[in-house]
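Just so it is clear, none of the values below were taken in a lab; they were calculated from the coordinates. Computed from a predicted structure; not experimentally measured. Glycine gets a Cβ as well: all are built from the backbone with ideal geometry, and neighbour counts include every protein chain shown.
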Amino acid sequence: MYLATLMLLGSGELGREFGIAAKRLGCRLIACDRYAGAPAMQIADASEVFAMLDGAALRAAVEKHKPDFIIPEIEAIDTATLAQLEGEGWRVVPSAKAVQLTMNRDGIRDFAARELGLVTSKYRFSESRDEAIAAAEEIGLPCVIKPVMSSSGKGQTVAKTAQDVGKAYGYAVANMRGDRPRVIVEEFVEFDSEITLLTIATKDGILFCPPIGHRQEAGDYRESWQPAGIPREALHSARHQSRKVVEALGGHGIFGVEFFVRGDQAIFSELSPRPHDTGMVTLISQAPNEFELHLRAILGLPIPSIELIGPSASAVILADRESDSFHYEGVEEALAVGAPGSPVDLRIFAKPNTLKNRRMGVTLARAESAESAVARAVAAAGRVRIRYDGK
Ligand SMILES: Nc1ncnc2c1ncn2[C@@H]1O[C@H](COP(=O)(O)OP(=O)(O)OP(=O)(O)O)[C@@H](O)[C@H]1O
Ligand SMILES: NCC(=O)N[C@@H]1O[C@H](COP(=O)([O-])[O-])[C@@H](O)[C@H]1O
Ligand SMILES: [Mg+2]
């Protein structure tokens with residue numbers, strides 16, 4: 001009856017768009033996350049609620065639903081269980097090795113810099129406040145301190161003084177995921193811009209999407225746009241490095257490979273072996289979009305072309321406080337930002353509760369240039385208001 005059974009580990013906004021693509025192709029979707037009502041669960045055939053770091057619960061879900069593919073959607077997953085499941089013949093996307101290495105910044109950074117020789121910022125790992133201060137002295141200030149296990153900027157600080165470094169270590173450990181109090185201390189890169197290079201590993205070889213530019217605040221993305229105008233040499237180098245790391249990690253699927261661009265140089269930062277948040281712009285900018293590409297690569301289906309429809313952008317809609325009783329206003333005004341030739345679209349993720357800076361939705365816009373697409377996406381996002389009930 002179904003083309004394949006797919007199990008998502010993590011069921012946020014990226015999983016929901018992936019799930020929509022999968023449902024359109026007639027797949028059966030099992031959505032798993034730590035809370036009920038997660039975005040991808042809203043469209044799934046079945047769902048399971050458990051912590052993805054709980055190996056026993058993960059195995060039980062797999063044995064119950066017998067997916068053809070296990071598809072990680074978030075970083076923090078019990079990778080030891082994933083590796084065992086892969087060893088027993090279950091298929092993990094793109095591969096248990098890729099998920100294991102990229103879940104932790106220490107794994108992927110050492111692999112990229114030492115084993116593959118990619119260009120990265122200077123870095124050290126530290127497991128105490130004093131070690132972090134010593135590492136920052138070696139690397140120089142300012143430096144960036146992040147938990148080795150975290151995402152979307154959680155626990156991240158730019159430290160300008162030695163005193164900041166001590167505080168940043170405590171902050172990172174307090175905001176990490178998992179149970180290893182380890183941080184990366186990284187040279188602060190004075191970049192001209194940063195990009196995500198969506199790279200697809202298919203059964204027929206590697207494909208690239210046009211580069212996506214993005215702006216980050218507090219370690220999380222605010223706007224992304226495609227195509228990003230970067231020097232030809234930097235793009236060439238980014239492609240070369242992406243190919244190398246994606247081939248080394250193995251398996252089939254899409255990867256979001258992040259680079260800082262400085263002059264002609266592309267400096268590797270990190271990568272996600274799955275669709276990337278900044279890649280939500282592809283929902284309006286290209287066909288197939290990043291979710292459809294991931295699906296086709298996983299299922300071994302052909303990808304004859306990746307067409308850029310036109311310069312486009314996405315802008316995030318964030319909550320500003322914690323609440324479980326709220327509603328949305330301004331959707332009509334937001335969509336009215338669109339105009340002939342410059343479509344504007346919206347996704348509201350319908351997460352059941354808000355948190356300060358939690359991403360609740362995203363606007364999408366296409367226009368005559370990436371700059372004007374960003375302006376329209378930002379204008380539309382500004383018109384969507386989250387109203388907190390009772391306040
Ligand atoms: N060494 C650095 N120098 C300058 N800026 C940095 C550095 N490291 C991180 N940043 C800034 O912080 C952002 C988030 O960092 P990074 O991608 O490592 O974190 P993350 O928590 O994994 O984010 P996400 O999960 O959203 O990709 C970067 O995109 C960049 O803007
Ligand atoms: N940078 C990674 C990223 O954007 N991941 C996306 O955010 C969701 C978690 O959101 P939440 O923290 O609001 O639950 C994840 O499930 C994924 O879709
Ligand atoms: Mg990142």
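Compute a Gaussian network model of the chain, connecting alpha carbons closer than 10 Å, and tell me which residue from 75, 368, 13 fluctuates the most.
Evaluated over the chain, the most mobile residue of the options is 368.
Please quote Rg/Rh for region 52-107 to two decimal places, taking the Kirkwood radius as Rh and restricting both calculations to Cα atoms.
Details: Rg = 10.4 Å, Rh = 11.2 Å.
Radius of gyration over Kirkwood radius for region 52-107 works out to 0.93.
Excluding residues fewer than 8 places away in the same chain, name every one of the lysines whose C-alpha is closer than 25 Å to that of residue 203.
Leaving aside lysines fewer than 8 places away in the same chain, those within reach of residue 203 are 23, 66, 97, 244.
Project the alpha carbons of region 310-391 onto their principal axes and report the range along each, largest first, in whole Å.
Reported extents, whole Å, longest axis first: 41, 20, 16.
So between residue 54 and residue 163, what do we pick up on full extension, going 0.36 nm a residue minus the alpha carbon distance? Numbers along the way, then the final one.
Working: separation 109, 0.36 × 109 = 39.24 nm, distance 3.64 nm.
Difference between extended and current length: 35.6 nm.
Based on the alpha carbons, how large is the Rg to Rh ratio for region 8-97 when Rh follows Kirkwood? Walk me through the intermediate numbers first.
Numbers: Rg = 11.8 Å, Rh = 12.8 Å.
Expressed as Rg/Rh, it is 0.93.
Could you work out the relative contact order of region 310-391, using alpha carbon pairs under 8 angstrom and six or more residues apart, expressed as a whole percent? Display every interim value, and only then the final one.
Values: 180 pairs, mean separation 39.5, N = 82.
Across region 310-391, relative contact order equals 48 percent.
Among 102, 161, which comes first, then next, by fewest other beta-carbon atoms within 10 Å? Don't skip to the end; give the middle numbers.
On the way: 102 24, 161 11.
The order, fewest Cβ neighbours first, is 161, 102.
Place a point 7 Å from the Cα of residue 307 along the Cα-to-Cβ direction; which residues of region 208-232 have their backbone N under 15 Å from it?
It comes to no residues whatsoever.
With point charges of +1 on the Cβ of Lys and Arg and -1 on the Cβ of Asp and Glu, referenced to the Cα centre of the chain, which listed residue (369, 242, 142) lies farthest in the positive direction of the dipole?
369
Whole-Hz ³J(HN,Hα) for each residue in region 30-42, computed from phi via Karplus 6.51 cos²θ - 1.76 cosθ + 1.60 with θ = phi - 60°, x for glycine and proline: what do you get?
My calculation for region 30-42 gives 10, 9, 10, 6, 7, 9, 6, x, 4, x, 6, 5, 5 Hz in order.
To the nearest 0.05, what FRET efficiency results for residue 233 and residue 332 with a Förster distance of 41 Å applied to their C-beta separation? If you can, show how the numbers build up before the last one.
Details: r = 46 Å, r/R0 = 1.11.
Calculated value: 0.35.
Taking the alpha-carbon set of the chain, what are its Rg and Dmax in Å?
20.3, 61
In which sequence would 224, 193, 237 go, from the one with the fewest C-beta neighbours within 10 Å to the one with the most? Could you put the intermediate results ahead of the total?
Numbers: 224 30, 193 16, 237 20.
The fewest-first ordering by Cβ neighbours comes to 193, 237, 224.
Determine, for 5, 196, the number of other Cβ atoms within 10 Å of each Cβ, and report the residues in order from fewest to most.
5, 196
Could you list the square roots of 5 times each eigenvalue of the Cα gyration tensor of region 165-248, that is, the equivalent ellipsoid semi-axes, sorted largest first and rounded to whole Å? Mind dumping the intermediate values first?
Working: eigenvalues 175, 65, 32 Å².
Ellipsoid semi-axes (Å, largest first): 30, 18, 13.
Report the Cα centroid-to-centroid distance between region 257-278 and region 1-71 in angstrom, as an integer.
27
Which distance in nm do the two modelled labels at residue 3 and residue 264 give, with both placed 7 Å along the Cα-to-Cβ direction?
According to this spin-label approximation, the distance is 4.3 nm.
Give, as ranges by residue number, the residues of region 328-364 whose backbone N falls under 16 Å from the point 7 Å along Cα→Cβ of residue 152.
347-363
Under a straight-distance cross-link criterion of Cα-Cα below 16 Å, which aspartates and glutamates are reachable from residue 356, leaving out those fewer than 8 residues away in the same chain?
Cross-link targets: 217, 220, 320, 322, 324, 389.
Taking the simple approach of a point 7 Å from Cα along Cα-to-Cβ for both residue 204 and residue 20, what is their distance in nm?
Using points 7 Å along Cα→Cβ, the separation is 2.7 nm.
Tell me the relative contact order for region 5-92 as a rounded percent, counting alpha carbon contacts under 8 Å between residues six or more apart.
Values: 158 pairs, mean separation 28.4, N = 88.
Across region 5-92, relative contact order equals 32 percent.
Antiparallel as a % of all DSSP beta bridges within the chain, to the nearest 5? Before the final figure, lay out each step's value.
Details: 63 of 77 bridges.
So the antiparallel bridges amount to about 80 percent of the total.
Run the dipole for region 92-217 about the Cα centre, Lys and Arg Cβ at +1, Asp and Glu Cβ at -1, nothing else charged, and hand back the magnitude in debye, nearest 20.
Working: 16 positive and 17 negative charges, 84 e Å.
Rounded to the nearest 20 debye, it is 400 debye.
What residue among 53, 85, 65 has its Cα farthest toward the positive end of the dipole of region 5-92, where the charges are +1 on Lys, Arg and -1 on Asp, Glu, each on the Cβ?
Toward the positive end, the furthest listed residue is 65.
Which value does Rg/Rh take for region 110-162 over its C-alpha atoms, Rh per Kirkwood? Please report the intermediate quantities before stating the final value.
Working: Rg = 11.8 Å, Rh = 12.2 Å.
Radius of gyration relative to Kirkwood radius: 0.97.
Would you mind getting me the FRET efficiency between residue 339 and residue 130? Use the beta-carbon distance for r and R0 = 51 Å, nearest 0.05.
On the way: r = 58 Å, r/R0 = 1.13.
FRET efficiency, residue 339 to residue 130: 0.35.
Once you keep just the Cα pairs under 8 angstrom separated by 6 or more residues, what percentage relative contact order results for the chain?
Working: 917 pairs, mean separation 50.3, N = 391.
After rounding, I find 13 percent.
Amide H to amide H, which residues 5 or more places from residue 346 or on other chains are under 5 Å from it, using H placed in the peptide plane?
Amide H neighbours of residue 346: 364.
Nearest 20 debye, what's the magnitude of the dipole of the chain about its Cα centre given +1 on Lys and Arg Cβ and -1 on Asp and Glu Cβ?
So the magnitude is around 420 debye.
Taking 0.36 nm per intervening residue step and subtracting the Cα-Cα distance, what contour gain separates residue 353 from residue 179 on full extension? Please list the in-between numbers first.
Details: separation 174, 0.36 × 174 = 62.64 nm, distance 2.53 nm.
Fully extending the segment from residue 353 to residue 179 adds 60.1 nm.
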